[in-house]
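The values are calculated or read from the model by the stated rules, or taken from the named source; none is laboratory data. This one's a predicted model, so the numbers in the text were calculated from it and none came from an experiment. Note: ideal-geometry Cβ built from the backbone for every residue, glycine included; neighbour counts use all protein chains shown. Heavy atoms of the whole protein, side chains included, go into the accessibility calculation; ligands, DNA and RNA do not. Shrake-Rupley method; radii C 1.70, N 1.55, O 1.52, S 1.80 Å.
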Amino acid sequence: MKGSRTLALGLWLLGMSVAALIVARARFSADLSAFLPRVPSATQRLLVDQLQNGLAAHLILIGIEGGDAAQRASVSTALTAALSAQSAFLSVNNGDAAIEERERTFVFEHRYQLSSTVTPERFSVPGLRAAIEATLDLLSSPAGLLAKPLLRSDPTGESLQVIDQLDQGGAPHSEQGVWSSPDGQRALLIAETRASGSDTDGQAEALALIRAAFARAVTPASPLRLLLSGPAVFAVDARATIEHEALRLSLLSSALIVTLLLLVYRSATTVLLGLLPVVSGALAGVAAVAIGAGVVHGVTLGFGITLIGESVDYSIYLFVQSRRGAHGIGTLEVPARLWPTIGLGVLTSVCGFASLLPSSFPGLAQLGLYSITGLIVAALVTRLVLPQLLPQRLQLRDLEPFGAAAARLLWRLHGLGFAAIALGLVCAAVLYGHRAAIWNRDLAALSPVSAAAQALDGQLRSALGAPDISNLVVVSGPDQESVLQRAEIVSQQLDALVSAGDMRGYDSPARYLPSLATQAARLASLPDAASLRQRLAAATASLPLRADALDDFVHQVAAARGSAPLGREALEHTSLALAVDALLWRHAGQWYALLPLRANDTGAHAGNLDITRVRSALRSNPAGTVLALNMKQETDALYGSYLREAVRLSLAGLGAIVLLLSVALRSAVRVARVIAPLALAVLTVSAGLIASGIQLTILHLIGLLLIVAVGSNYALFFDRRAAQRANADLPLTLASLLIANASTVIGFGVLAFARVPVLSALGTTVAPGALLALWFSALLAPRALFEAAPPAPPAPPAPPAPAAA
């Protein structure tokens with residue numbers, strides 16, 4: 001016996017040491033890869049690539065408000081200079097006049113590679129005449145201030161044409177020489193981070209640099225305030241919020257549970273020993289995921305707090321239901337029925353969570369593997385290790401009076417079992433009546449981003465003219481040149497939709513960096529100097545502009561004719577580089593071009609864009625090279641498929657539980673007695689949430705699985721005692737179940753008050769569900785089970801007072 005005890009302790013210590021080593025070396029991730037199917041479709045892959053590496057993932061929108069315009073402009077300039085010197089940023093722009101002048105100079109020097117109007121027809125005699133006439137007309141307009149200095153060197157207006165085509169979204173308002181909001185109350189900047197959207201640590205570092213630079217640029221008493229928005233801000237804030245809430249609430253729930261157990265055990269040592277199964281299970285679960293999946297997702301770690309809800313119950317059953325000597329002191333004598341009941345409860349939980357293992361989404365599979373490993377290890381530690389570590393003289397409060405009072409209460413309330421069944425039928429009817437709206441398939445339902453933060457993002461994005469990626473076209477190809485060429489073809493197809501009024505416009509990387517083939521064709525369309533002089537003479541014959549005044553134009557066209565097409569490196573340190581890097585990227589050996597679409601902002605369909613019409617216009621492109629996406633539709637569809645699969649697998653898990661119980665209990669009546677209270681608890685909680693206006697999400701589904709996992713232990717204890725007609729120790733059994741249930745309700749009840757949807761969903765589901773599972777299990781158990789604890793006899797009447805003398 002002593003040797004087996006030593007072996008159990010040795011194996012436990014060895015296993016925990018190995019698990020700790022694995023966890024210490026494990027890779028942890030917080031990106032979206034855990035929610036990408038193992039065999040994703042092309043659309044799903046593009047969607048996640050865009051969220052991780054695309055346009056929005058690298059941009060941080062910055063606002064400065066308060067003070068006066070001069071103060072805001074001064075800090076904006078200082079902030080731009082400070083951040084531009086940091087390697088964490090690829091570019092920072094605030095619309096500074098000096099930067100704008102450099103941009104115009106670059107555009108002027110390379111106008112013939114960039115202008116979409118440079119064609120052979122443009123430099124024919126009729127084309128030159130029309131272009132020069134348009135420039136002369138422009139001189140009398142407000143834009144003439146820009147055109148007049150360029151008349152002799154750029155009479156066809158190619159520089160202004162390039163500026164116009166690059167400014168499709170509308171330039172931000174400018175005040176005091178920097179970008180500002182339309183009302184002039186905020187200075188605006190836009191920064192491109194080097195870190196990708198999946199690199200939350202890198203994004204957090206970039207945000208810290210921005211805040212530090214702003215703090216250095218203002219005085220402590222400054223009225224200026226820094227505003228930050230964008231996907232990077234949302235991701236970093238969401239992670240911090242979840243970590244803060246999970247830590248705060250887990251500490252609170254742990255403190256409450258420990259307090260409860262101290263009141264029960266009256267021994268700090270026993271409380272700490274009782275938590276060993278929880279710690280062991282959590283450590284083993286993380287280690288199993290690290291081995292099985294190669295990387296541990298943050299959601300899996302967050303799910304660890306829920307393991308307390310069931311695994312802490314095992315030690316409670318052991319301590320409370322075991323017999324001791326007089327006054328609750330002495331060595332534990334474990335009842336023979338305890339371990340088979342706990343073991344069967346663990347197996348039912350394993351069946352439930354095993355249904356997540358075959359999920360095509362690694363995130364769900366990780367949760368399943370973590371839960372299964374954690375629960376099995378927690379049960380084994382309770383069975384084989386915990387009894388060996390307990391002190392020789394264990395003292396616990398005598399809980400038999402408490403359990404006996406509970407038994408008497410249940411004896412009186414047993415007739416409510418029919419009411420519980422009727423409640424279940426009503427809840428089933430409620431769910432059937434709302435069957436079309438039970439599940440929330442909107443991914444935004446899980447977002448921790450507040451409405452105020454989303455509103456600020458919309459304001460800054462609109463003021464800066466940052467592209468809206470709600471609707472977009474993604475072009476893919478094996479290399480940059482092929483993608484740019486295909487993007488130019490797609491642009492022609494989209495131009496037809498713009499002309500038809502189906503949308504307001506779009507953006508494309510080919511506007512900022514045309515394909516080499518297109519640039520070469522534009523340069524080849526430029527005439528030589530002699531031909532150009534002849535054509536200019538003919539074109540200006542009837543115009544108030546002499547051809548000999550355009551010598552600069554002739555020389556510059558000749559120089560451009562012999563120049564090379566622009567490459568990406570030529571755009572460095574310009575806003576064109578920012579646009580190209582945001583709209584054109586390489587990932588996993590494939591190149592992608594992004595073309596964000598702009599919906600009409602006026603008319604009956606303002607703000608809406610029919611993505612099906614876009615797909616129809618693009619159907620002539622080779623299959624697989626061009627995809628039109630509505631981001632909300634695609635993310636919701638991805639989440640919807642994720643949810644549907646999880647529901648199907650959960651139903652399969654329920655079937656496995658029924659099969660397991662049928663084999664173990666060998667009685668349809670007993671199986672029904674175990675399943676019925678669990679089903680009633682799930683129905684009641686689901687109907688209660690729906691009746692409260694809350695649609696169910698994937699986290700509610702996980703919560704329902706936890707109700708079954710935790711509640712199966714309660715139902716099995718009542719069933720085992722009823723089947724064996726053994727009620728000698730019923731008070732201790734009831735006391736252990738009530739204490740275990742209280743710890744579960746406390747742990748999850750605290751989560752219900754979380755400000756994070758993923759945590760509050762678990763709390764609002766499991767806390768009431770666990771409570772209902774216990775009471776439904778008791779109410780549906782045979783009444784004879786409680787007859788050993790009849791109502792307490794009435795107190796004898798008090799003796800009469802002695803007569804007065």
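Estimate the FRET efficiency between I421 and L659 by the formula 1/(1 + (r/R0)^6), using the beta-carbon distance for r and 22 Å for R0, to the nearest 0.05. Given R0 = 22 Å and the Cβ-Cβ separation, E is 0.40. Secondary-structure-derived ellipticity at 222 nm for the chain, considering helices only, amounts to -20000 deg cm²/dmol, per-run term -39500 (n - 2.57) for DSSP H runs with n ≥ 4. Accessible area per residue for region 561-644 is 49 Å², calculated with a 1.4 Å probe on protein heavy atoms, without ligands, DNA or RNA. Spatially, region 431-449 and region 104-134 are offset by 55 Å when compared through their Cα centroids.
Spacing of the modelled spin labels on R412 and R568, each 7 Å from Cα toward Cβ, amounts to 7.8 nm. Note on the chain: dipole from Cβ charges, positive end direction compared against A195, F553, A599; the farthest Cα belongs to A195.
Using heavy atoms of the protein chains and a probe of 1.4 Å, the accessible area assigned to F361 is about 10 Å².
The DSSP beta bridges internal to the chain are antiparallel in roughly 95% of cases. When the Cα gyration tensor is reduced to axis lengths a ≥ b ≥ c, the ratio a/c is 1.5 or higher for region 391-430, and with a/b not above b/c it is classed as oblate. H244 exposes around 100 Å² of accessible area when a 1.4 Å probe is run over every protein chain in place. Rolled with a 1.4 Å probe across the full set of protein chains, the surface gives M16 an accessible area near 40 Å². Centroid-to-centroid, using Cα positions, region 622-700 and region 501-569 are 63 Å apart.
Under 5 Å from the amide H of L90 lie the amide H atoms of E192, T193, R194, each residue being 5 or more positions distant or on a separate chain, with H modelled from the backbone and absent for Pro and chain starts. Work out which GluC sites (Glu not before Pro) in the chain are exposed loop sites (DSSP not H, G, I, E or B, at most 13 other Cβ within 10 Å) and give the longest gap free of them. The longest such stretch corresponds to 1-571. Over the chain, the fraction of Cα-Cα pairs per 10 Å bin, rounded to whole percents and listed from the shortest bin up, is 2, 11, 18, 18, 15, 11, 9, 7, 4, 3, 1, 0, 0, 0, 0.
Overall, the accessible surface of the chain at a probe of 1.4 angstrom is composed of carbon and sulfur to the extent of 62 percent. Three semi-axes describe the equivalent ellipsoid of region 687-758; taken as square roots of 5 times the Cα gyration tensor eigenvalues and ordered largest first, they are 31, 14, 9 Å. Accessible area per residue (1.4 Å probe, heavy atoms of protein chains only) ranks F418, F123 as F418, F123, with the largest value leading.
For a test of the definition: using alpha carbon positions, the gyration tensor, and the 1.5 limit on a/c, classify region 485-609 as rounded, prolate or oblate. It is oblate, given that a/c is not under 1.5 and a/b is not larger than b/c.
Each residue of region 747-761 was assigned a 3J(HN,Hα) from its phi angle through the Karplus expression (A = 6.51, B = -1.76, C = 1.60, θ = phi - 60°), giving x, 7, x, 5, 4, 4, 9, 5, 8, 9, x, 5, 8, 5, 5 Hz with x at Gly and Pro. Solvent exposure of region 160-276, expressed per residue, is 47 Å² of accessible area, with all protein chains present and a 1.4 angstrom probe. Here the extension length gained between A672 and D167 equals 174.9 nm, from 0.36 nm per residue of separation less the Cα-Cα distance. Comparing Cα centroids, region 751-789 and region 202-272 end up 30 angstrom apart.
Rounded to whole numbers, the Karplus 3J(HN,Hα) couplings from phi for region 241-248 are 5, 5, 4, 5, 5, 5, 5, 4 Hz, using 6.51 cos²θ - 1.76 cosθ + 1.60 with θ = phi - 60°, and x at Gly and Pro. Using a cutoff of 8 angstrom between alpha carbon atoms and counting only pairs six or more residues apart, the relative contact order for the chain works out to 20 percent.
A straight chain from V279 to L13 at 0.36 nm per residue would run longer than the Cα-Cα distance by 94.5 nm. Accessible area per residue for region 472-543, computed on protein heavy atoms with a 1.4 Å probe, is 38 Å².
Based on the alpha-carbon gyration tensor of region 646-784 and its eigenvalue square roots a ≥ b ≥ c, which shape applies: rounded if a/c is under 1.5, prolate if not and a/b is larger than b/c, or oblate? Verdict is oblate for region 646-784. Here the 3J(HN,Hα) profile of region 419-432, calculated from phi with Karplus coefficients 6.51, -1.76 and 1.60 at θ = phi - 60°, is 5, 5, 5, 5, 4, x, 5, 4, 5, 4, 5, 4, 5, 5 Hz, Gly and Pro shown as x.
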